[in-house]
1. Given +1 on the Cβ of Lys and Arg, -1 on the Cβ of Asp and Glu, and no further charges, what dipole in debye does chain A carry about its Cα centre, rounded to the nearest 20?
2. Could you give the radius of gyration (one decimal) and Dmax (whole number) of the Cα atoms in segment B:170-231, in Å?
3. If you average 1/r across every pair of different Cα atoms in the protein assembly as shown and take the reciprocal, what Kirkwood value do you get, in Å?
4. Among B:Asp226, B:Asp65, B:Asp123, determine the one that fluctuates most according to a GNM of chain B built with springs between C-alpha atoms less than 10 Å apart.
5. Per residue and in Å³, how big is the convex hull formed by the alpha-carbon atoms of chain B?
6. Give me D for segment A:3-75 in µm² s⁻¹, whole number, from Stokes-Einstein with Rh from the Kirkwood sum over alpha-carbon pairs, 25 °C and 0.890 mPa s.
7. I'd like the distance separating the alpha-carbon centroids of segment B:4-59 and segment B:118-194, in whole Å.
8. Net charge within 10 Å of B:Ala35 by Cβ-Cβ distance, Lys/Arg positive one each and Asp/Glu negative one each, not counting B:Ala35 itself?
Number of protein chains: 2
Amino acid sequence: MNILEKIANELDTFSKSERKVAEVILASPSTVIHASIAALAKQANISEPTVNRFCRRLDTKGYPDFKLHLAQSLANGTPYVNRHVDENDSADEYTAKIFESTMANLEMARKSLDSGTINRSVDLLTQANKISFFGLGASAVVAHDAQNKFFRFNVPVVYFDDVLMQRMSAINSTQGDVVVLISHTGRTKSLVEVASLARENDATVIGITTEGTPLAKECTIVLSMDVAEDTDLYMPMSSRIAQLTLVDILATGFTLRRGTKFRDNLKKVKDSLRSSRFDRKE
Amino acid sequence: MNILEKIANELDTFSKSERKVAEVILASPSTVIHASIAALAKQANISEPTVNRFCRRLDTKGYPDFKLHLAQSLANGTPYVNRHVDENDSADEYTAKIFESTMANLEMARKSLDSGTINRSVDLLTQANKISFFGLGASAVVAHDAQNKFFRFNVPVVYFDDVLMQRMSAINSTQGDVVVLISHTGRTKSLVEVASLARENDATVIGITTEGTPLAKECTIVLSMDVAEDTDLYMPMSSRIAQLTLVDILATGFTLRRGTKFRDNLKKVKDSLRSSRFDRKE
DNA sequence: ACTTTTTTGTAATTTTACTACATTTTAAGT
DNA sequence: ACTTAAAATGTAGTAAAATTACAAAAAAGT
């Protein structure tokens with residue numbers, strides 16, 4: 001764990017003086033790494049040995065070693081932490097916070113994704129006769145995006161955000177078809193039903209959802225990711241960005257599996273758009 | 001630039017003894033950050049002041065400061081760089097690369113976004129009688145997502161990914177209406193036409209597009225972001241993630257502008273979904 | 001080959017961090 | 001409420017580390 005986070009975490013296990021040090025450090029870590037132990041002690045209004053003891057409590061060899069750790073914490077620019085948007089934030093502030101938490105969540109998602117599962121999913125998708133992407137609400141957006149990617153591959157792709165169409169499509173699916181169901185909560189009743197309908201008809205069901213949910217239980221294979229959704233705002237934000245990135249990964253895996261020749265085909269699809277666009281002047 | 005790279009770069013500008021130091025450092029930088037100047041000098045078979053001079057040549061204040069820089073170089077184990085996916089990448093590898101380049105691009109986008117423009121856009125959106133989101137292809141996904149966010153605010157919101165519907169809707173728009181047009185390239189002919197149609201009818205046109213493009217020129221206000229799209233794969237990936245994050249930011253700005261009471265309303269929208277879901281067992 | 005410049009090293013100085021011990025503060029027990 | 005033990009903090013001295021000033025050696029130019 002990052003030493004800055006560690007300090008923030010253990011803040012209440014510190015003694016009075018140690019907390020003073022911690023607060024000075026947290027307030028401006030980038031200043032501290034250039035300060036001597038004496039300077040820091042003065043800043044925090046405590047003695048030098050207290051700073052030294054503080055460093056040891058954090059499992060470092062002493063003050064210089066502590067600064068090294070601190071420098072490493074700061075290395076990734078501002079570490080991406082899930083800072084919540086506040087009532088009185090300016091445009092500048094909430095913009096920064098949203099970018100940061102999006103990135104922090106992508107980092108989390110990356111760590112929690114299992115590449116073996118991805119590999120098997122790509123296997124299934126490349127072998128599919130027909131691929132369907134279903135989602136509702138915010139997840140419909142992800143399904144929509146998936147369709148937009150996979151239709152380029154010249155594979156039969158279907159996307160519905162209409163409950164009835166999803167059901168009908170699921171009933172019509174057969175062995176060799178892959179149905180991808182997207183739902184962060186994994187508790188949307190109608191989607192869970194679609195999953196079992198598809199399974200009954202021998203279709204393969206890939207779930208982009210959370211492990212252990214009702215939907216996950218109905219799926220052949222589950223692609224799950226840990227994301228800390230900021231529920232203060234009552235809107236799905238980070239979860240869908242992570243899901244879209246996962247779609248990118250699946251699509252990339254698909255093209256890689258298909259080989260070079262296939263990629264020329266992608267270029268053709270893209271070039272076909274040319275006439276609908278204004279030329280570049282440069 | 002990373003100090004380790006810098007050392008490797010300037011290797012031939014160093015004097016004989018300085019190169020000895022450089023080589024010891026490059027061979028095992030992680031050892032050096034825990035060594036004293038005396039230990040390093042001994043390792044390199046040179047004197048302590050030489051090490052000190054070496055540090056200064058690299059624009060650091062001295063040996064301790066140099067170690068700080070070195071520690072930071074090491075912390076960026078894998079900095080977020082736009083690494084391109086390779087032919088023979090395993091699932092593990094392309095997953096990591098896609099996450100990393102997505103994050104690198106978000107970082108770029110964040111830096112290039114102007115908070116003043118965001119603020120003005122939020123102003124316009126909060127005052128709008130009707131908001132329309134239009135896009136085509138990958139950008140339709142972003143428009144779709146925007147609708148999903150803004151409809152929660154109990155504002156008239158429209159979204160079309162159909163060229164004719166977009167045109168008709170633009171013609172019907174009037175003063176007080178805001179039309180948001182999304183296109184990374186900014187060169188999609190029909191969208192540019194929609195922009196001018198909307199403008200002719202006195203609607204406000206916000207463009208989420210690249211500066212200087214035909215579309216940008218037709219807009220009242222342009223929200224532009226720098227993103228390095230990986231064109232090897234012929235699919236829009238990073239650009240749309242950045243656009244979606246921008247949508248999050250606009251939506252957040254919108255809710256903040258509307259105040260606390262308004263947020264209770266959002267909760268109601270979210271709670272209305274409850275009956276469509278399976279209960280949590282915990 | 002000699003002079004000048006650059007590089008490197010030695011030794012002293014200064015800065016910085018740490019240790020041992022004393023004092024204060026806090027908490028626990030009677 | 002008072003006493004005693006334990007924990008926390010500070011003071012002063014010590015040790016270690018880094019830096020400076022200067023001298024010696026090496027390299028480059030004339």
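The values are calculated or read from the model by the stated rules, or taken from the named source; none is laboratory data. Source: prediction; values computed, not measured. Quick reminder, even Gly has a Cβ in these numbers, built from the backbone with ideal geometry, and neighbours come from all protein chains shown. We work out accessible area using only protein heavy atoms, side chains counted, and drop any ligands, DNA or RNA first. Shrake-Rupley method; radii C 1.70, N 1.55, O 1.52, S 1.80 Å.
1. Numbers: 35 positive and 35 negative charges, 211 e Å.
Computed about the Cα centre, the dipole is about 1020 debye.
2. In order Rg, Dmax, the Cα atoms of segment B:170-231 give 11.6, 39 Å.
3. Numbers: mean 1/r = 0.0381 Å⁻¹.
About 26.2 Å for the protein assembly as shown.
4. B:Asp65
5. On the way: hull volume 63.3 nm³, N = 282.
For chain B, the hull spanned by Cα atoms encloses 225 Å³ per residue.
6. On the way: Rh = 11.7 Å.
D = 209 µm²/s.
7. 58 Å
8. Values: positive: B:Lys42, B:Lys67; negative: none.
Result for the neighbourhood of B:Ala35: +2.
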